[in-house]
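Undergrad: So that we are looking at the same thing, I have put the structure below in structure tokens.
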Amino acid sequence: MAPYSLLVTRLQKALGVRQYHVASVLCQRAKVAMSHFEPNEYIRYDLLEKNINIVRKRLNRPLTLSEKIVYGHLDDPAKQEVERGKTYLRLRPDRVAMQDATAQMAMLQFISSGLPKVAVPSTIHCDHLIEAQLGGEKDLRRAKDINQEVYNFLATAGAKYGVGFWRPGSGIIHQIILENYAYPGVLLIGTDSHTPNGGGLGGICIGVGGADAVDVMAGIPWELKCPKVIGVKLTGSLSGWTSPKDVILKVAGILTVKGGTGAIVEYHGPGVDSISCTGMATICNMGAEIGATTSVFPYNHRMKKYLSKTGREDIAKLADEYKDHLVPDPGCHYDQLIEINLNELKPHINGPFTPDLAHPVAEVGTVAEKEGWPLDIRVGLIGSCTNSSYEDMGRSAAVAKQALAHGLKCKSQFTITPGSEQIRATIERDGYAQILREVGGIVLANACGPCIGQWDRKDIKKGEKNTIVTSYNRNFTGRNDANPETHAFVTSPEIVTALAIAGTLKFNPETDFLTGKDGKKFKLEAPDADELPQAEFDPGQDTYQHPPKDSSGQRVDVSPTSQRLQLLEPFDKWDGKDLEDLQILIKVKGKCTTDHISAAGPWLKFRGHLDNISNNLLIGAINVENGKANSVRNAVTQEFGPVPDTARYYKKHGIRWVVIGDENYGEGSSREHAALEPRHLGGRAIITKSFARIHETNLKKQGLLPLTFADPADYNKIHPVDKLTIQGLKDFAPGKPLKCIIKHPNGTQETILLNHTFNETQIEWFRAGSALNRMKELQQQ
Ligand code: SF4
């Protein structure tokens, strides 16, 4: 396979860039390319510095790192009001990344904006639609066949509108971003909730909905509520079985799934240097599980090493020159401070059903016995964007090698998902893949696979209670295999490997013994592996398509009869009236993630077809009235039926409706379909105790009203058979609560107050019917 430098040469040729031109770009101090793939798009540290200086002078206080990067990207640093947790910032991100499931809707929205080209460097990554069935090559072939129409749409839309396209098989979006596009100080937005992975390379990388991506691609400043900053001070150093994953599993246990809401988590302290760059990425990646806006590490020698190994010494050199702006100021203030001594940190495993249920590995077996969770591990799965680095694979292989030396293989099934084609090719070359196969593993395609429910699981029947352990980031009910009885736990890849070898949750590799084929007992040594390959990375196959210089003749086909893609119709404008007599579609009980609102797995194939995917609306949410999923009362017929069917009935009969939700409604993935679907089927408002940040913004973008009970106890005043009237929309203003009249079927009424977080711009979106409608209005003015 070709070394990295050859890949770059190949790309330069493909891009029509003469080599001396790129070399000269890379040598100039002030003009370093953001990425090898875009030699004419430069890193603007000079602008970052200028903006930081303006804001620092105004605020007259030391700044945290995330403040520097965020404020360094302000559209108007001299005038923008900056107050953490209060004001809305208008930002100019450097780039956009989209995964294939969300890119379909983002590109459909971009097409409907009527703009000719994207305004900032953007990329599409084909990773979510590849189902794990037989193993890497076969699964990839099958996916290319099944998803041909979607891949063709994304490739041609990318070519037409100037977006780089990473073909299926290239790898998982966040790994590719880390390898090629993230750099210290970048502000990147991505249509995937684990975009924060890039914080491992010192960037502020934020997961957003497709409509936000459309704003940035259209060159419109992007709005973000000025984040609070949670500091995590790391002391001591990682060693033994403890890994970067344990840092975030511990933080998740402390902050819980909503503890990071509205905040950036900023790691600092002497312990940072003991963590590899890809390890820092793991920690930032899973910051999404605590609801954080994003997470970030300060620029250090580990990042420099990673940049150099991935062919970006030029960026590292430039970052060295601007280092003061890529680390926090001494004495800066955090809104909350957590301290973790890495010397005392123990390997953790979190779950089941939620990523913040933290247990030390030493204790999980006992807890599982007490709780009645199955101890037998049916499948161990390593990889995903969270943990698929060279180091992760090396540490897992180091564990597997010891088992093999004693004649053992995995007792559980075992799968490996390389994060990128580069990782796959390099671990094949360096022998890790072979070791993992020998211990019983199946190497899957470089894609999300079981992490997003793309798993043709055969070993159990649906409804069968079982346990799996993964090195992924999310373990909500049904996420991996659509079986609500699968108890999924998340932990580091080396612990997954050890547990898959032992086959039971009761095994603690730090203290317990295994029995070798010869009958002798032995203990697994803590794994030791290189953080980066000693030789160059092997880039593997060329999987990138750069947009052509002239795309005027490029066609983008969307068939009107397609079941996978559908051009968008604009949503209706607000009619200027209060919302009278809204029917309650469902009053949700307990956790309602975006997986519950718009399920993934088999539904991923409809992500480009709004009407078809709307058939999964809220099918995973539990109805408070009967404790069941996907069973709600039709207020007209009084019959119970599926949620989407009931919503369609209401839409057909002109009945507008509302959803009542519990705490942290819409947590989890950033998927905007969870906002588009209720709007498409006639929803007008979602009223909850609280929202997850991205989902709340997504709802606003689609012209819905995300509202919260001024008094959370008012949740109990509403019954599924009531009707609601929302008043005050004519005077809709930031910070001003709306009134809600609850009309009970017995004729009595109650009035409650509803809060909202709309700012002026977002109120315009509501009035126009959606953010996209508003964008078109502005274009026409
Ligand atoms: S979390 Fe899973 S589904 Fe999401 S990008 Fe990462 S690997 Fe893919």
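Undergrad: To the nearest 10 square angstrom, what accessible area does residue 34 show with a 1.4 Å probe?
TA: 10 Å²
Undergrad: Quote the Stokes-Einstein diffusion coefficient, in whole µm² s⁻¹, for the chain, based on the Kirkwood radius over alpha carbon pairs, a temperature of 25 °C and a viscosity of 0.890 mPa s. Could you put the intermediate results ahead of the total?
TA: Details: Rh = 26.5 Å.
Here the translational diffusion coefficient equals 93 µm²/s.
Undergrad: How large is the direction-averaged shadow of the alpha-carbon convex hull of the stretch 71-197, in nm²?
TA: 9.5 nm²
Undergrad: Now a separate question. What is the list of residues in the stretch 358-393 whose amide nitrogen lies under 18 Å from a point 7 angstrom out from the Cα of residue 512, following Cα to Cβ?
TA: 359-381
Undergrad: Could you compute the FRET efficiency for residue 335 and residue 485, with r as their C-beta to C-beta distance and R0 at 30 Å, rounded to 0.05? Kindly include the intermediate steps, with their values, before the conclusion.
TA: Numbers: r = 40 Å, r/R0 = 1.33.
E(calc), rounded to 0.05, equals 0.15.
Undergrad: For residue 648, what accessible area in Å² do you get when you roll a 1.4 Å probe over the heavy atoms of the protein chains, rounding to the nearest 10?
TA: 70 Å²
Undergrad: Per residue, how many Å² of accessible area does the stretch 49-188 show with a 1.4 Å probe? Mind showing how you got there, number by number?
TA: Values: 4470 Å² over 140 residues.
Per residue, the stretch 49-188 has an accessible area of 32 Å².
Undergrad: Under 12 Å from the Cβ of residue 189, count the other residues' Cβ atoms, weight Lys and Arg +1, Asp and Glu -1, and hand me the total. Numbers along the way, then the final one.
TA: Details: positive: 92, 95; negative: 94, 192, 212, 215, 223.
Cβ neighbours under 12 Å give a net charge of -3.
Undergrad: List the trypsin sites (Lys or Arg not before Pro) within the stretch 50-135 that fall in a DSSP loop (any state other than H, G, I, E or B) and whose Cβ has at most 15 other Cβ atoms within 10 Å. Don't skip to the end; give the middle numbers.
TA: Values: sites: 50, 56, 57, 58, 68, 79, 84, 86, 90, 95, 117; in loops: 79, 84, 86, 117.
Of the trypsin sites (Lys or Arg not before Pro), the ones in loops of the stretch 50-135 whose Cβ has at most 15 other Cβ atoms within 10 Å are 79, 86, 117.
Undergrad: To continue, here is another question. Expressed as a rounded percentage, what relative contact order does the chain have, with Cα pairs under 8 Å and six or more residues apart?
TA: For the chain, the relative contact order is 13 percent.
Undergrad: Nothing charged except the Cβ atoms of Lys and Arg (+1) and of Asp and Glu (-1): what's the magnitude of the dipole of the stretch 438-580 about its Cα centre? Round to the nearest 20 debye.
TA: On the way: 17 positive and 24 negative charges, 137 e Å.
Dipole about the Cα centre, nearest 20: 660 debye.
Undergrad: Would you grab the residues whose amide H sits under 5 Å from the one on residue 206? Only those 5+ places off in sequence or on another chain, please, with H modelled 1.01 Å from N.
TA: It is 188, 189, 190, by chain and number.
Undergrad: Apply 1/(1 + (r/R0)^6) to the Cβ-Cβ distance of residue 461 and residue 748, taking R0 = 51 Å, and write down the FRET efficiency to the nearest 0.05.
TA: Numbers: r = 48 Å, r/R0 = 0.95.
Efficiency for this residue pair is about 0.60.
Undergrad: Right, another one. Whose amide H sits under 5 Å from the amide H of residue 377, counting only residues 5 or more places off or on another chain, with H placed in the peptide plane?
TA: Those qualifying (amide H under 5 Å, at least 5 residues apart or on another chain) are 504, 505.
Undergrad: Please list, in order along the stretch 220-233, the HN-Hα scalar couplings obtained from phi with the Karplus expression 6.51 cos²θ - 1.76 cosθ + 1.60 (θ = phi - 60°), rounded to whole Hz, x for Gly and Pro.
TA: Computed from phi, the couplings for the stretch 220-233 are 8, x, 9, 9, 9, 5, 3, x, 6, 10, 9, x, 10, 8 Hz.
Undergrad: Could you tell me what percent of the accessible area of the stretch 706-758 is made up of carbon and sulfur, with a 1.4 Å probe and every protein chain present? Please report the intermediate quantities before stating the final value.
TA: Details: 1250 of 2440 Å².
Ligands and nucleic acids excluded, carbon and sulfur give 51 percent.
Undergrad: Going Cα to Cα from residue 323, which aspartates and glutamates come in below 18 Å? Please leave out same-chain ones fewer than 8 positions away.
TA: The qualifying aspartates and glutamates are 46, 49, 67, 266, 273, 313, 314.
Undergrad: Okay, next question. For the stretch 337-378, what relative contact order do you get, as a whole percent, if you take Cα pairs closer than 8 Å and at least 6 residues apart? It would help to have the intermediate numbers written out before the result.
TA: Details: 24 pairs, mean separation 10.0, N = 42.
The normalised contact order for the stretch 337-378 reaches 24 percent.
Undergrad: Once you sort the root eigenvalues of the Cα gyration tensor of the stretch 263-381 as a ≥ b ≥ c, which label holds: rounded (a/c under 1.5), prolate (a/b larger than b/c) or oblate (the other case)? Intermediate results must be reported in sequence, preceding the final value.
TA: Details: a/c = 2.69, a/b = 1.93, b/c = 1.40.
It comes out prolate by the Cα gyration axes.
Undergrad: Need the list of lysines near residue 743 for cross-linking: C-alpha distance under 25 angstrom, and skip anything on the same chain fewer than eight residues off.
TA: List returned: 577, 587, 589, 628, 651, 652, 689, 717, 723, 730.
Undergrad: Now for a separate question. Of the cross-linked pairs 245/465; 304/411; 411/523; 160/228; 160/317, which ones have a Cα-Cα span greater than 28 Å in the structure shown? Intermediate results must be reported in sequence, preceding the final value.
TA: On the way: 245/465 26 Å; 304/411 40 Å; 411/523 16 Å; 160/228 39 Å; 160/317 35 Å.
Beyond 28 Å between Cα atoms: 304/411; 160/228; 160/317.
Undergrad: State in Å² the accessible area per residue of the stretch 650-745; use a 1.4 Å probe, count heavy atoms of protein chains only, and round to the nearest integer.
TA: Values: 2830 Å² over 96 residues.
Averaged over the residues of the stretch 650-745, the accessible area is 29 Å².
Undergrad: Name the aspartates and glutamates eligible as straight-distance cross-link partners of residue 144: C-alpha to C-alpha under 20 Å, and not fewer than 8 places from it in the same chain.
TA: Output for residue 144: 100, 127, 131, 421, 456, 542, 557.
Undergrad: With a ≥ b ≥ c the root eigenvalues of the C-alpha gyration tensor of the stretch 603-732, is it rounded (a/c under 1.5), prolate (a/b larger than b/c) or oblate? Could the numbers behind the result be given before it?
TA: Values: a/c = 1.33, a/b = 1.07, b/c = 1.25.
Rounded shape, in that the Cα axes give a/c under 1.5.
Undergrad: Give me the extension gain from residue 778 to residue 573: residue separation times 0.36 nm, minus the current Cα-Cα distance, reported in nm with one decimal.
TA: Numbers: separation 205, 0.36 × 205 = 73.80 nm, distance 1.47 nm.
Stretched fully, the residue 778-residue 573 segment lengthens by 72.3 nm.
Undergrad: Something else about it: Given the DSSP H assignment, sum -39500 (n - 2.57) over each helix run of at least 4 residues in the chain and divide by its residue total; what's the result at 222 nm in deg cm²/dmol, nearest 500?
TA: Working: 25 runs with 243 residues, N = 781.
Theoretical 222 nm ellipticity from helices: -9000 deg cm²/dmol.
Undergrad: OK, next. Relative contact order for the stretch 155-210 using alpha-carbon pairs under 8 Å, separation at least 6, rounded to a whole percent? Walk me through the intermediate numbers first.
TA: On the way: 73 pairs, mean separation 15.1, N = 56.
That works out to 27 percent.
Undergrad: Which order do 580, 223, 421 take by accessible area at a 1.4 Å probe, largest first? Present the calculation step by step, with values, prior to reporting the outcome.
TA: Working: 580 95, 223 30, 421 10 Å².
Result, largest first: 580, 223, 421.
Undergrad: Suppose R0 equals 60 Å. What FRET efficiency, 1/(1 + (r/R0)^6) with r the Cβ-Cβ distance, do residue 521 and residue 563 give to the nearest 0.05? The partial results should precede the final answer.
TA: Values: r = 57 Å, r/R0 = 0.95.
Step by step, r from the Cβ atoms, then E = 0.55.
Undergrad: First compute the accessible area of the stretch 513-577 with a 1.4 Å probe, then give the percent of it belonging to carbon and sulfur atoms.
TA: 46 percent
Undergrad: Roughly how many nanometres apart are two label points built 7 Å out from the Cα toward the Cβ at residue 237 and residue 254?
TA: The answer from the label model is 2.1 nm.
Undergrad: Compute the accessible area per residue over the stretch 344-488, keeping the other protein chains in place, probe 1.4 Å, unit Å². Could you put the intermediate results ahead of the total?
TA: Working: 4760 Å² over 145 residues.
Computed with neighbouring chains in place, this is 33 Å² per residue.
Undergrad: Would you work out if the stretch 435-594 is rounded, prolate or oblate? Take a ≥ b ≥ c from the square roots of the eigenvalues of the alpha-carbon gyration tensor; rounded if a/c is under 1.5, else prolate when a/b is larger than b/c, oblate otherwise. Walk me through the intermediate numbers first.
TA: Details: a/c = 2.87, a/b = 1.51, b/c = 1.91.
Oblate, since a/c reaches 1.5 and b/c is not below a/b.
Undergrad: Which ³J(HN,Hα) values, rounded to whole Hz and listed in residue order, are derived for the stretch 537-544 from phi using the Karplus coefficients 6.51, -1.76 and 1.60 in 6.51 cos²θ - 1.76 cosθ + 1.60 with θ = phi - 60°, glycine and proline given as x?
TA: In residue order, the calculated couplings are 4, 8, x, x, 7, 6, 10, 10 Hz.
Undergrad: Next question. Taking the Cα centre of the chain as origin and charging only Cβ (+1 Lys, Arg; -1 Asp, Glu), how large is the dipole, in debye to the nearest 20?
TA: Working: 92 positive and 89 negative charges, 170 e Å.
Dipole of the chain, to the nearest 20 debye: 820 debye.
Undergrad: Which percent of the accessible area of the stretch 324-371 is formed by carbon and sulfur heavy atoms (probe 1.4 angstrom)? Before the final figure, lay out each step's value.
TA: On the way: 1130 of 2380 Å².
Roughly 48 percent, rounded to a whole number.
The values are calculated or read from the model by the stated rules, or taken from the named source; none is laboratory data. Quick caveat: nothing in here was measured; it's all calculated off a predicted structure. Glycine also receives a Cβ, built like all others from the backbone with ideal geometry; neighbour counts cover every protein chain displayed. In case anyone asks, the SASA skips ligands and DNA or RNA and just uses the protein heavy atoms, side chains included. Shrake-Rupley method; radii C 1.70, N 1.55, O 1.52, S 1.80 Å.
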